[in-house]
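See below for the structure under consideration.
The values are calculated or read from the model by the stated rules, or taken from the named source; none is laboratory data. Everything numeric in this text was worked out from a predicted model, so none of it was measured. Don't worry about glycine lacking a Cβ; one is built from the backbone with ideal geometry, like all the others, and counts go over all protein chains shown.
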Amino acid sequence: MFHLCPYRELPADFEKRYPSSVVDPPFLEVATPEQAGRFYNETLDELIHAARMGFDGICVNEHHQNVYGYMASPNLMASVLARATQDLETAIVVLGATLVNSSPPIRIAEEYAMLDCISGGRLVAGLPLGSSADSNLCYGLTPIEQREAFREAHDLLRKAWSSREGFAWNGKYTQLPLVNLWPRPIQQPPPIWVPGAGSQSTWDFVARHDYSYSYLSYFGHQFGKSVMDGFWEFMEQRGLEPNPYRAGFLQLVVVSETDAQAEKDYEQHLRYFYDKCLHFAPHWYAMPGYMDYPSLVRAVRSQGAIGDKPWRDWKFRDFVDNRFVIGGGPESVRQQLEEAVKSLRVGNLMVLLQIGSMPHELTLKNINLFAQEVLPHVRGLWDDQWENHWWPERLGGKRKEVTP
């Protein structure tokens, strides 16, 4: 279960009042610290409940200065989750803490090692490049340097986890007189997932290091198929086996007793999510220099169709029919989800079950119905053919050596 941790009670005219959901809205005009705290605690309760309902993993992520996901420190949230699920065989998936947003990035190596120790070896370590809005706008990184700085930070993290002796680090972006990490992670190393939005440089990075790639999009598997087809073609060109667990995908899912009840339960919350939470200014997607040229061309060609926000007047049925959202009664959701997983050839499915303004009790209902009526039917779709090398060994992953 993936959780964005959105602010759930924005003003009705929010998208008319502010030019974007990122950076622009003043916190104290639209929110209160008390409400923010309540939503943090509900987020934690929902993820812990999902773990107790049998989900393989619970997933947090990092965003800054926005309303659609204000989990500024995923490792703070993950530490609570790791401690609260000690009696469960549930992975703690941090997707992730952004290396280049920390100076020095060794801080992320330390915190991930702490999480792996607290969880008893259940960490899945996400290593995102970082979105342009978060890293360039909110944290002031120079866009053209971000990828190079990320690769250097990655090499430092891997060496810090594995080196048996202290060492000096004299990089272009980080200089440290002595690196002698305390603690070290239980897993050597934890399985590494790299989230992305279709950048070929990210595909090349995961291919070279044999990491798992997680495609993150809110526009569904029909839109995502062109990206994932490109990913698998890229992997084939580099001689890597088409193991579905080499890839993951984020999908919005809503389940109710029937298709008709799902429409009643969830339509207003989907509208809130797409109207308010995804109310992005176009230039926040990628500031100049953030994307490499081939990825920029791909993004412009593939995302032109969503630039005009075709969902502006959509109802519940439109979101489902256009494959942005998988929703309905249990049988409908099972069929749609199996189609999506097989079409995209993904082994690590992340489901977003709290969407937009969805209140706590309705979120628990969605979690319960998914866990009881859907999960048993879609879990293990690939297990008769493939092993998951990108999962904690303690939880059944078949780990293999990955290149530092």
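Could you please let me know if ALA84 is surrounded by fewer than 20 Cβ atoms within 10 Å (Cβ to Cβ) and touching a His at 6+ places or on another chain (Cβ under 6 Å)?
The answer is no for ALA84.
Given the conditions (1) more than 30 Å from PRO26 (Cβ to Cβ); (2) without any contact (Cβ under 8 Å) to a residue 12 or more places away in the chain; (3) among the small types (Gly, Ala, Ser); (4) in a loop (DSSP other than H, G, I, E, B), which single one is not true for GLY140?
(1)
Which residues, taken from the range 215-243, are assigned to a helix (DSSP H, G or I) and of a type in the set (A, V, I, L, M)?
VAL227, MET228, MET235
Would you mind listing the helices (runs of 4 or more DSSP H) fully within the range 1-114 where at least 1 residues are under 21 Å from the mean Cα position of the chain (by Cα) and either closer than 29 Å to PRO376 by Cβ or at pLDDT below 95 (or both)?
By residue number, 33-52, 74-84.
Looking at (1) among the hydrophobic types (A, V, I, L, M, F, W, C); (2) in a helix (DSSP H, G or I); (3) farther than 24 Å from SER332 by Cα, which is the one condition that is false for TRP390?
(2)
Filter the range 89-117 down to the residues that are closer than 20 Å to ASN41 by Cα and out of contact with any Pro (no Cβ under 7 Å at 6 or more places or on another chain) and list them by number.
If the condition is that a residue be closer than 20 Å to ASN41 by Cα and out of contact with any Pro (no Cβ under 7 Å at 6 or more places or on another chain), then THR90, ILE92, VAL93, LEU115 are the ones that fit.
With (1) over 22 Å from VAL206 (Cβ atoms); (2) surrounded by 22 or more Cβ atoms within 10 Å (Cβ to Cβ); (3) not polar (S, T, N, Q) as the list, and PHE150 as the residue in question, which single condition is left unmet?
With (1) over 22 Å from VAL206 (Cβ atoms); (2) surrounded by 22 or more Cβ atoms within 10 Å (Cβ to Cβ); (3) not polar (S, T, N, Q) applied to PHE150, the lone miss is (1).
Which residues, taken from the range 327-385, are in a loop (DSSP other than H, G, I, E, B) and touching a helix residue (DSSP H, G or I) at 6+ places or on another chain (Cβ under 7 Å)?
GLY329, ARG345, VAL346, GLY347, LEU353, GLN354, ILE355, GLY356, SER357, MET358, LEU381, TRP382, listed by residue number.
Which residue is surrounded by the fewest Cβ atoms within 10 Å (Cβ to Cβ), if the candidates are limited to the range 33-78 and must be more than 23 Å from SER135 (Cβ to Cβ) and of a type in the set (Gly, Ala, Ser)?
Checked the range 33-78; the qualifying residue surrounded by the fewest Cβ atoms within 10 Å (Cβ to Cβ) is GLY37.
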